[in-house]
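J.: Encoded as structure tokens, here's the structure I'll be asking about.
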Amino acid sequence: MRMLAQERYSQKEFLSTLFELALAEQWFDLQHMLQHDMAKAILADYSYNLGCGFLDTKIFYEHWEDVIEIGWQIFCEHTGISREQVRSKLSQLHEAI
């Protein structure tokens with residue numbers, strides 16, 4: 001699962017899109033793409049490859065946070081934005097909602 005997540009989150013086009021969203025201060029869209037769209041796709045593929053069908057609930061809940069953390073780690077490494085800066089931006093986003 002870790003290797004699959006690292007491979008998917010490291011795709012050039014995906015990282016470029018996330019970086020553009022960060023530059024445009026579109027943190028809601030960035031968070032949604034990283035934590036929902038890509039994470040679900042990774043977990044669905046992982047579940048399917050294990051023969052557990054499409055997006056097995058147990059696999060989803062056991063690995064959801066780990067997959068998301070891998071995504072943020074790769075994003076931070078690619079952009080040079082620290083994890084603390086990401087947390088701050090996401091906190092501001094949630095306070096505004």
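J.: In angstroms, what radius of gyration and Dmax does the chain have, counting Cα atoms only?
T.: Over the chain's Cα set, Rg and Dmax evaluate to 13.7, 41 Å.
J.: Here is a further query. Show me the three semi-axes of the equivalent ellipsoid for the range 14-68, from the C-alpha gyration tensor (sqrt of 5 times each eigenvalue), largest first, rounded to whole Å.
T.: 26, 10, 7
J.: Rounded to the nearest 0.05, what FRET efficiency is calculated for Gln85 and His36 with R0 set to 25 Å and r the Cβ-Cβ distance? Could the numbers behind the result be given before it?
T.: Details: r = 21 Å, r/R0 = 0.83.
Using R0 = 25 Å, I get an efficiency of 0.75.
J.: Right, next: Over the range 37-86, what portion of Cα pair distances is larger than 17 Å, expressed as a whole percent?
T.: On the way: 486 of 1225 pairs.
Of all Cα-Cα distances in the range 37-86, 40 percent exceed 17 Å.
J.: May I pose another question? Can you pull out the GluC sites (Glu not before Pro) in the range 1-83 whose DSSP state is coil and whose Cβ has at most 15 other Cβ atoms within 10 Å?
T.: Numbers: sites: Glu7, Glu13, Glu20, Glu25, Glu62, Glu65, Glu69, Glu77; in loops: Glu25.
When the GluC sites (Glu not before Pro) of the range 1-83 are filtered for loop state and at most 15 Cβ neighbours within 10 Å, Glu25 remain.
J.: Provide the packing ranking of 26-38, 49-61, i.e. peptides ordered by the mean count of other C-beta atoms within 10 Å per residue, highest first. Don't skip to the end; give the middle numbers.
T.: Values: 26-38: 16.5, 49-61: 12.1.
Descending mean neighbour count gives 26-38, 49-61.
J.: From the backbone phi of the range 74-80, what are the Karplus-calculated ³J(HN,Hα) couplings (6.51 cos²θ - 1.76 cosθ + 1.60, θ = phi - 60°) in whole Hz, Gly and Pro given as x?
T.: These are the phi-based 3J(HN,Hα) values: 5, 4, 5, 4, 5, 8, x Hz.
J.: Which order do Arg2, Arg83 take when ranked by solvent-accessible area (1.4 Å probe, heavy atoms of all protein chains), largest first? List each step's numbers first, then the result.
T.: Values: Arg2 130, Arg83 55 Å².
The most accessible residue leads, giving Arg2, Arg83.
J.: Lys and Arg at +1, Asp and Glu at -1: add these up for the other residues within a Cβ distance under 12 Å of Met38 and post the number.
T.: Numbers: positive: Arg8, Lys40; negative: Glu7, Glu13, Asp37, Asp45.
Net charge in that neighbourhood comes out at -2.
J.: Suppose R0 equals 30 Å. What FRET efficiency, 1/(1 + (r/R0)^6) with r the Cβ-Cβ distance, do Ala96 and Leu15 give to the nearest 0.05?
T.: Numbers: r = 26 Å, r/R0 = 0.85.
Computed FRET efficiency for Ala96 and Leu15: 0.70.
J.: Can you compute the modelled spin-label distance between Tyr48 and Gln73, with each label point 7 Å from Cα toward Cβ, in nm?
T.: For Tyr48 paired with Gln73, the spin-label model returns 2.5 nm.
The values are calculated or read from the model by the stated rules, or taken from the named source; none is laboratory data. These numbers come from a predicted model, not from an experiment. As a convention, Cβ positions derive from the backbone with ideal geometry for all residues, glycine included, and neighbour counts pool all protein chains shown. What goes into the accessible areas is simple: the full protein's heavy atoms, side chains included, and nothing from ligands, DNA or RNA. Shrake-Rupley method; radii C 1.70, N 1.55, O 1.52, S 1.80 Å.
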